[in-house]
Amino acid sequence: MSQIIDRRLNGKNKSAVNRTRFIKRYKKQIKRAVEESISKRSITDMERGERITIPNKDTSEPIFHHGKGGKREGVHPGNKEFSQGDRIARPQGGKGQGSGSEASNEGEGEDNFVFQLSREEFLEIFFEDLELPDLVKKDLSKITNVKYRRAGYKAEGTPSNLNLVRSFRNALSRRIALSAGARNRLREAREELEALLQTHDEDSPEVLALREEIEKLSIRINAVPFIDTLDLRYHNRVKHPEPTTQAVMFCIMDVSGSMDEAKKEIAKRFFILLYLFLERNYEHIDLVFIRHHTSAKEVDEEEFFYSRETGGTVVSSALEMAANIMHDRYPTNEWNIYMAQASDGDNWNADSPRCEKILTEEIMPYCQYYSYVEIKPRHHQSLWESYCNVAEKFPHFAMQSIDSINEIYPVFRELFKRQTA
């Protein structure tokens, strides 16, 4: 039986083509394994890949073999125990070849196939069906990004942009053009000199004149420079404007006294996952980090995740700051605005209606998408009820609750799943 399997390797023993083909072929099995693994690992483990196990029955390779039919002749070895028509006795113990509770010294098989995904491959599979909803806004055809593209060659430029092939080609063309006549005459003069030497002496005037002419022609040809500044050609690059979209993500986290370390850890992991998602999928996105207890504060990434400041709970302070920053620094006709909030829902009762008012009047009409995650192992309180009223008015307001770390991934995927057309 003939078997043809392509296992050719790329440079440095990295079979990138076959690896990509393998991932594409077993995408369903690999994606299922990735989804199962994310519930068992922390977000801080996103820096590493994943060890994927695929059942052996799913990894069979295509082969060429002889099919049934046709006329075939073959010689098979005989045996000493059986003749044609004999019945074969059942194996002792009735357990078959190597299966069951009794050991066997016969039979063979293969282990499941183990495949190691790199960090980039793991993140690509994990984030492939996620996106920021409604990314493009009506007025975002504005040209804000410029890239340089090659546009032929030019006679001036920097040494780093010098094109050697084109420069030497121009030099060769110039030397041929300037010395073509002299080379032709030099060849004719040498032929005349050879013919003249057969009938004249070395000291004859005709021979001396030809030798003088040949010397002058050689000097003239050698005087043509090998390369000149006129021959140099440089890569020409022109600015090519490309349309781009601008987006800003507001990250709002509750750090009040009711948010214990376990809840803060869940919130931190949610925002870390969100940060990885944005960083991987979008180049032109601004991040605004806001922490709040009784008062809100805009901070950098380091302080957002690791500051130990705490206090009471007034959620409206963070929403007011987010609204002010949005109107002052991010005009709604130029920016796509997204907001994500994590809290335990424990808020001053009189403040929840104010939060609903700020969202309804100052944020949601200008925001593309707002996701609220409530980290609450017990029943919801007034903030959740107020946010439910907002969700009824605005379909782009999403709410989810998280009870444990294992629910971070499913909730995140639900909030940012790819929208169908």
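Derivation of every value follows stated rules applied to the coordinates shown; laboratory data play no part. Note that the structure is predicted; figures quoted are calculated from it, not measured. Note that we place each Cβ from the backbone using ideal geometry, even for glycine, and neighbour counts take in every protein chain shown.
Fully extending the segment from Glu188 to Thr294, taken as 0.36 nm per residue of separation minus the present Cα-Cα distance, adds 28.1 nm.
The residues Phe305, Phe416, when put in order of fewest to most other Cβ atoms within 10 Å, stand as Phe305, Phe416.
In what order do Cys367, Cys388 fall by count of nearby beta-carbon atoms within 10 Å, going from fewest to most?
Cys388, Cys367
Computed 3J(HN,Hα) for the range 252-260, one whole-Hz value per residue from the Karplus formula 6.51 cos²θ - 1.76 cosθ + 1.60 where θ = phi - 60°, is 10, 10, 7, 10, 6, x, 6, 8, 6, glycine and proline marked x.
A straight line joining the Cα centroids of the range 155-209 and the range 306-337 runs 78 Å.
Since only Tyr409, Pro353, Ile252 are under comparison, the one whose Cα sits farthest along the positive direction of the charge dipole of the range 245-415, derived from C-beta charges on Lys, Arg, Asp and Glu, is Tyr409.
Among 261-271, 164-174, 201-211, how do they line up by average Cβ neighbours within 10 Å per residue, starting with the highest?
261-271, 164-174, 201-211
In this structure, the amide hydrogen of Leu287, modeled 1.01 Å from its nitrogen in the peptide plane, lies closer than 5 angstrom to those of Met249, counting only residues at least 5 positions away or on a different chain.
In plain terms, the residue of Glu407, Glu303, Glu194 with the fewest other Cβ atoms within 10 Å comes first and the most crowded comes last, giving Glu194, Glu303, Glu407. Greater than 30 Å separation of Cα atoms is the criterion. Which listed pairs, Lys239/Lys268; Lys297/Lys357; Lys31/Lys147; Lys357/Lys417; Lys263/Lys297, meet it? Too far apart for the 30 Å limit: Lys239/Lys268; Lys31/Lys147. Could you compute how fast the range 260-333 diffuses translationally, taking Rh as the Kirkwood radius over C-alpha pairs and applying Stokes-Einstein at 20 °C with viscosity 1.002 mPa s? Give it in µm² per second. So the translational diffusion coefficient is about 156 µm²/s. The residues neighbouring Asn349, those whose beta-carbon lies less than 13 Å from its own, together hold a net charge of -3 under the Lys/Arg +1, Asp/Glu -1 convention.
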